[in-house]
1. Against the condition in a loop (DSSP other than H, G, I, E, B) and either free of Cβ contacts under 8 Å to residues at least 40 places away in the same chain or in contact with a strand residue (DSSP E or B) (Cβ under 7 Å, 6 or more places away or on another chain) (or both), how does residue A:62 come out, does it pass?
2. Which one is farthest from the other protein chains (Cβ to nearest Cβ), of the residues in segment A:34-93 that are hydroxyl-bearing (Ser, Thr, Tyr) and closer than 26 Å to residue A:388 by Cβ?
3. Any residue at all in segment A:242-254 that's surrounded by 13 or more Cβ atoms within 10 Å (Cβ to Cβ) and under 19 Å from residue A:335 (Cβ atoms)?
4. Out of A:103, A:172, A:165, report the one residue that is of a type outside the set (Gly, Ala, Ser), surrounded by fewer than 21 Cβ atoms within 10 Å (Cβ to Cβ) and modelled with pLDDT of 95 or more.
5. Does residue A:322 count as away from chain B (no Cβ under 14 Å), under 26 Å from residue B:219 (Cβ atoms) and not in a strand (DSSP E or B)?
6. Has segment A:393-411 got at least one residue that is within 14 Å of chain B (Cβ to nearest Cβ), surrounded by 24 or more Cβ atoms within 10 Å (Cβ to Cβ) and free of Cβ contacts under 8 Å to residues at least 60 places away in the same chain?
7. Which ones in segment B:51-67 are of a type in the set (Gly, Ala, Ser) and farther than 30 Å from residue B:112 by Cβ?
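The values are calculated or read from the model by the stated rules, or taken from the named source; none is laboratory data. Just so it is clear, the model here is predicted, and its values are computed rather than measured. Every residue, glycine among them, receives a Cβ derived from its backbone with ideal geometry; neighbour counts consider all protein chains shown.
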Amino acid sequence: MIGGWGRVTGSPATVVTPDCDEDWAELLGAAGPRGLIPRGGGRSYGDAAQNAGGLVVSTMAEASIGDVDAAAATVEVGAGVTIGDLLRYLAPGGWTLPVVPGTAAVTVGGAIAADVHGKNHERHGAFGRHVAAMTVLTPAYGTVEMSPTVNADEFWATVGGLGLTGIIRRATLRLIPLASWWVSTVDEQQPRLHRVLDRLHAASVSSDHAVAWVDPLGAGVITRATTARLGALTPGRAARTRATPTLPGRGIAWPPLAAAANAARRTAVVLRPRHLRPLSELHFPLDSLPGWPRLHGRRGLVQHQFAVPFGAEHVLAYALQAAREAGHPPSLVVVKVFGEANPAPLSFPGPGWSLAMDFAADPALGPLLDRLDERIAAAGGRVYLVKDSRAHPDLIAAMYPGLARWRAVRALLDPDGLLVSDLARRLRLADQRIDDQIGASHA
Amino acid sequence: MRDGLGRPQTVLLLGGTSEIGQAIAEQLLPQSGTLILAGRDPAALAETAERLTKARRQVATLHYDALAPAAATVDLLAVAAARHGDLDVVILGVGTLTEETALADTSAVEKTMHTNLLGPMLAVHATAARLRAQGHGTLVVLSSVAAVRTRDGLLSYGVAKAALDLYARGIGESLRGSGARVLVVRPGHVRTRMTAGLPEPPFTTEAHEVAARVGRVLSGRARVVYAPALLGPVMTALRLLPAAVYRRLDAAQRRGAPLEQDQRPTADRHRAAASLADERRPR
């Protein structure tokens, strides 16, 4: 069974790991009627990198890292290189990636396909903005070189394209200089959601990284981080990971336990608001607890992350309130600020707020999150597709107005629908018929 | 594709006018999704489709006849999947209930076995093949407690259900590791058109209660489910009873039942009887 990181989805598939050009050449011909989908580090929460009854193509053997081109400030890497390995490779030379997701195990291919963001979107945008070029294996045209200037439509359809336009094999990434592997962070408490948002917005402009954690009542802690001016460039050892058991029931999302955890976090902030941390600890809080989904009980973890434009703060408040009143307070809520969107039709970030809630999977969440999705769509927002495991397909076109444009490009690159995932089936992403129906109803 | 909360998106009901089948479909797709009703009577299907359609729940109909050759069933499944995507749940609700005394001759036995056993068996086989290929999905087979201990008055029905039940469980075993699954549902006596006018034994239940029970176990690993749940241990006990004791129990229940039979309002009973008559019309 191939599943998602949240442990709520899973389906059987044949996994292949091509490790030479001959393998890659034969790959597309080997796909059966159920098609194939690329898979990187397996860190998407839901069903984005699984393909029931079909082929799952691991890119993990594409692990080469080229030399840094200091003049252009770029590096060419294989799609299977993980962000963590790349950061450690780059740091001693004084380079780093401008955008880094929340776990080091994400691969470069996955980061592009999901157009991941960091805690600095206001400043640096999403991952795709820093891709100078990439080599993509497409069903219709074989290996295609894409960049924002060459095959631009194909490039932007592949950024955030969830592996459905082609299989990314290599990418040239733009780098920024790194002054120190260490960052100084300041934590600040605020008792009300609107105060948290005000302070977070200010922090996202003034600091390198900014993120807020809020409790189900809307009180929160804003963390600002600035790269230290001094300090070594050499990464220390990777953070130790803790083994985690599968907790019974809803685990850490059980309200009394969640309340205790929130209180502990608040106390820690009061006791020690300032820290000097290694970069990896700031970027990858999840990696010190790889068993986080297990802590949500046997059924696993559902994360709901959505973005709404500035001015739609009421949707954030509604999300917290609705979850609380339904008796399903999230175990973790993270708020970020997003800046300008990039041209990728399926890219998630756009100017406004992002709110991510972790829940213990429970069928009772269905109606709650469905109602929330309606509000998000009505407010001009969207859910993060790569983290989704339960959204309703009818809402996706409203959330992603570029969907039809993306489908048109996909239809050129993969006319027979060879690339397909469980997520694509569930959300009917590649489904032209929905467009036809919309076209018919408009006619 | 079933989502991360275990909710199916596309449900196919073979035997589109089956009340228990419809109740299960409604339970699995409470608000949204696609329900495909496959059955023989276009008018009844259309009427059911209209009743079950909601703002976000579309209902489609397809022609299906359990008496048709096997290839037709295979084609039906292919058409349903081509039009509506992967089939997350297929409910097999084909079957008629005829008292043994009403089976006038050998041909009548042949017909009832075709409807209750051969047709459904072929449907189980065809569905299992499709679900195995798509790597996910659940086939819900409506069996009966009659499959566990057959009663003399419903001999052919019970034998058909017993064989279907056994076959479906066997196919379910063969699906292990494929991502697909078979769930055999053994309801007790359920108040529906099919059972209207029959004496009501203990543990009589309603279609929506059977559906609720199926809904609860669908995302789990159960292979067989009784509705109501208490029938599990009861049927186990009945199966172990010596034949002589069972016969006396059966006879006593038949004698006693009419006295407490049918608490429903008269109008309901009339409607039920009318639709039953409709079902028994020669085709």
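1. Values: in a loop (DSSP other than H, G, I, E, B): yes; either free of Cβ contacts under 8 Å to residues at least 40 places away in the same chain or in contact with a strand residue (DSSP E or B) (Cβ under 7 Å, 6 or more places away or on another chain) (or both): yes.
Yes, satisfied.
2. Taking segment A:34-93 as the starting set, the residues that turn out to be hydroxyl-bearing (Ser, Thr, Tyr) are A:44-45, A:58-59, A:64, A:74, A:82, A:89.
Then keep just the ones that are closer than 26 Å to residue A:388 by Cβ; that gives A:44-45, A:58-59, A:82.
Details: A:44: 11, A:45: 8, A:58: 17, A:59: 21, A:82: 25 Å.
If we take residues in segment A:34-93 being hydroxyl-bearing (Ser, Thr, Tyr) and closer than 26 Å to residue A:388 by Cβ, then A:82 is farthest from the other protein chains (Cβ to nearest Cβ).
3. yes
4. Within the list A:103, A:172, A:165, the selection yields A:172.
5. Numbers: away from chain B (no Cβ under 14 Å): yes; under 26 Å from residue B:219 (Cβ atoms): yes; not in a strand (DSSP E or B): yes.
In short, yes.
6. No - not one qualifying residue is present in segment A:393-411.
7. The answer is B:55, and nothing else.
Yes/no per residue for (1) free of Cβ contacts under 8 Å to residues at least 60 places away in the same chain; (2) small (Gly, Ala, Ser); (3) farther than 25 Å from residue A:4 by Cβ:
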| residue | (1), (2), (3) |
| --- | --- |
| A:264 | yes, yes, yes |
| A:270 | no, no, yes |
| A:276 | no, no, yes |
| A:280 | no, yes, no |
| A:283 | no, no, no |
| A:288 | yes, yes, no |
| A:296 | no, no, no |
| A:303 | no, no, no |
